[in-house]
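Down below is the structure, laid out as structure tokens.
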Amino acid sequence: MERKEFIEKVGLSGAAILIFGCMQSCSKDVASSDTQNQNKPPNSSGGDASSNKIDFTIDINTAPYDVLKNIGGYAIYMESKIIIARASNTEFLAVSSVCTHQGATLQYRSNTSKFYCPLHGSNFNQNGSVANGPAAQSLKQYSTSLSGSKLRIFE
Ligand code: FES
């Protein structure tokens with residue numbers, strides 16, 4: 001092999017390795033970005049990653065939150081374990097969806113205007129306070145704000 005031919009072959013191989021290496025690292029970046037997007041709940045946005053404060057927005061025109069278009073409808077925002085209910089045309093409620101007795105997931109009952117625990121029957125008022133036990137501790141309550149179809153839940 002001539003010197004010139006050797007340099008040409010090594011040069012091409014080196015360039016190929018560089019390009020291949022770049023493609024691998026670029027594809028890893030895309031994959032990790034996709035992974036982050038997959039963890040994001042549908043139709044929600046917001047939240048400050050540097051803060052532990054709850055602050056997110058859902059669209060009540062889009063499933064699974066479209067049940068909130070109806071008075072008495074409720075949905076659970078699973079990522080933060082918050083139950084959101086529509087109490088009236090203008091009033092939305094948001095409290096922790098985890099029963100303070102033994103951790104069961106709550107429901108909202110529009111006929112009593114209370115959050116109900118199906119496991120042992122505790123009821124919580126709209127502000128999260130205990131209406132009847134066995135639960136003894138209130139639910140954490142969150143603020144809500146509706147703008148168009150965007151409902152913000154925050155503390
Ligand atoms: S877990 Fe809710 S009342 Fe027991």
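A short reminder: the numbers here are calculations on the coordinates, not readings from a lab. Here the structure is a predicted model, which means the values were calculated and not measured. Using ideal geometry, Cβ is built from the backbone for each residue, glycine included, and neighbour counts are taken over all protein chains shown.
By other beta-carbon atoms within 10 Å, ranking His120, His101 with the fewest at the front produces His120, His101.
Each label was represented as a point 7 Å from its Cα along the Cα-to-Cβ direction; for Tyr116 and Gln102 these points are 1.9 nm apart.
Footprinting exposure proxy ranking of Phe56, Phe115, fewest other C-beta atoms within 10 angstrom first, gives Phe56, Phe115. Electrostatic tally near Gln126: other residues with Cβ closer than 10 Å to its Cβ, Lys and Arg +1, Asp and Glu -1, net 0. How big is D, in µm² s⁻¹, for the range 44-154 by Stokes-Einstein at 4 °C and 1.567 mPa s if Rh is the Kirkwood radius over C-alpha pairs? Once the numbers are plugged in, D ends up at 93 µm²/s.
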